[in-house]
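Accompanying notes for the structure given below.
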Amino acid sequence: MAALTFAVVCLAAAGAAAQNTGPSAQPSWIVSLKKYGYRGPHGGLVNDPGSLGNIAFSKSTVAVIFDEKSEEVQRTAADKKVWYGWRLSIVFLNAATGAVAGKRSWIGDLDWHRRLIPTADGNFVFLLTKFPEPIEMPPSNGARSKMQEPHPATLYLLSSTGEELKRLDLSTNGKGWQILASPSGKSVLLMDGYNGSIQFRLLDSDTLEQRAVWSIADAGGLRPSTISDEYLLLNAGKESLIEKFTSESRKVSLPLGNAQFLSSDLILTVTPPTLNPSGSATISSLKGEEVASIDLGIHDRMEGAIAPIVAADGQRFGTIIDQITVGRFLRKYQRTAYVWERPRNGVVLKTKIPYSEKPEAAISADGSALAVLNARKIALYRLPAPAAPSQ
């Protein structure tokens, strides 16, 4: 069982492009989560890739979510195995000290990625989906069919220590609930595809009170991508649509890649070389006009970058890139985490991290720190104070 770690660092600002040299960073403190059930990869008759993890960073807390057990199985009185799903755990860490403030566990399915969301008031929203009923193993054809049915869900509002503040039970007759959150931490959007349409419910993140309900036709494979507190961005292949909540959508020309609202009027897109050889991070207006572009220094299709991460005020943003350092056939990779600061888009953090499983990252709500989940460790880097406004 491998360890997961957490760390914090201080840095100074540097140039605007990803390949520019920035100051190196060292962890200021580390917390191992091995004893909390985080698993490493394990080979054998049945390969276990290890825990899948993600992080969310609120005002003063880093929350780490992962599947503690690859599956939850119990035996009946007749000695038959009954499968319930996966045991999912969230560990809550005080960002100032690294002390563990709490832990919560649930049984659910593995479709929880990006479903742990920090709120503006320092809480967390968590969308948990479950299988309709336990499955006797090995499953019959009927049981297999039932596993494909829409899964009921529960939306939790959790405190910074994991205390349940509120919950909403969500039934579905559609494809199942998904969730998006605004970078500000003020809004969450629930979505469920049903009968040729996408149903939307806009909620206040810290109260789970409903603000608006509407639907749109699910034509052309529309995929809701990201939201601000005012707008929704949808993707349909190479085409993007933007709409003000409950209003009609309009086409907008954006770079291909993973998009995230920086603010109510700016969109950040990270484009990996698999989609465009330029390998860039591009800031665009709501009209699709390019405001700024950063060369990430990745141009080989075997190189890549994670989806963009942003601070609540949109002034700081980042990603993690993988670059080939040795040959195409005997490849060796270098992994680097970056944080930039608007409006000059200068580098405020650049640090090399071990190359391992897919990394995750989150910037604190106030933009003062970066938490990185990588190689079964979490490193938390303290960022320098924001640059003084130019005269």
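The values are calculated or read from the model by the stated rules, or taken from the named source; none is laboratory data. Everything numeric in this text was worked out from a predicted model, so none of it was measured. Cβ placement follows ideal geometry from the backbone for every residue including glycine, while neighbour counts extend to all protein chains displayed.
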Would you say LEU241 is part of a strand (DSSP E or B), more than 21 Å from the chain's Cα centre (by Cα) and either surrounded by 19 or more Cβ atoms within 10 Å (Cβ to Cβ) or at positive phi (or both)? yes
Which of the residues spanning segment 308-333 are assigned to a strand (DSSP E or B) and either touching a helix residue (DSSP H, G or I) at 6+ places or on another chain (Cβ under 7 Å) or surrounded by 15 or more Cβ atoms within 10 Å (Cβ to Cβ) (or both)? ILE309, VAL310, ARG316, PHE317, GLY318, THR319, ILE320, ILE321, ASP322, GLN323, ILE324, TYR333
Is it the case that some residue within segment 138-151 is within 24 Å of the chain's Cα centre (by Cα), part of a loop (DSSP other than H, G, I, E, B) and under 21 Å from SER58 (Cα atoms)? no
Across segment 273-288, what is the number of residues that are farther than 15 Å from SER263 by Cβ and either not hydroxyl-bearing (Ser, Thr, Tyr) or not in a strand (DSSP E or B) (or both)? 9
Which of the following residues is out of contact with any strand residue (DSSP E or B) (no Cβ under 7 Å at 6 or more places or on another chain), among the small types (Gly, Ala, Ser) and either under 28 Å from GLY279 (Cα atoms) or at pLDDT below 90 (or both): ALA12, ALA56? ALA12
Modelled with pLDDT of 90 or more, surrounded by fewer than 17 Cβ atoms within 10 Å (Cβ to Cβ) and either among the polar types (S, T, N, Q) or within 28 Å of GLN260 (Cα to Cα) (or both), is that true of SER105? yes
Answer yes or no: is there a residue in segment 122-133 that is touching a Lys or Arg at 6+ places or on another chain (Cβ under 8 Å), modelled with pLDDT of 85 or more and surrounded by fewer than 17 Cβ atoms within 10 Å (Cβ to Cβ). yes
Lone unmet requirement of (1) modelled with pLDDT of 95 or more; (2) surrounded by fewer than 18 Cβ atoms within 10 Å (Cβ to Cβ) for LEU155: (2)
Residues of segment 202-222 that turn out to be closer than 24 Å to ALA311 by Cα and part of a strand (DSSP E or B), as a count: 4
With the condition kept exactly as written, say whether any residue in segment 77-93 is of a type in the set (Lys, Arg), within 30 Å of LEU383 (Cβ to Cβ), crowded, with 16+ Cβ neighbours inside 10 Å and modelled with pLDDT of 85 or more. no
When (1) of a type outside the set (Asp, Glu); (2) at pLDDT 80 or above; (3) more than 24 Å from PRO354 (Cα to Cα) are applied to SER51, the one that fails is (3)
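To keep it simple, each residue is scored yes or no on (1) touching a helix residue (DSSP H, G or I) at 6+ places or on another chain (Cβ under 6 Å); (2) over 20 Å from THR319 (Cβ atoms); (3) touching a residue at least 24 places away in the same chain (Cβ under 8 Å).
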| residue | (1), (2), (3) |
| --- | --- |
| LEU254 | no, no, yes |
| ASN258 | no, no, yes |
| LEU268 | no, no, yes |
| THR274 | no, no, yes |
| SER278 | no, no, no |
| LEU286 | no, yes, yes |
Can SER280 be described as surrounded by fewer than 23 Cβ atoms within 10 Å (Cβ to Cβ) and of a type in the set (S, T, N, Q)? no
Here are the criteria: (1) touching a Phe, Trp or Tyr at 6+ places or on another chain (Cβ under 6 Å); (2) in contact (Cβ under 8 Å) with a residue 40 or more places away in the chain; (3) not in a strand (DSSP E or B). Tell me which single one VAL91 does not satisfy. (3)
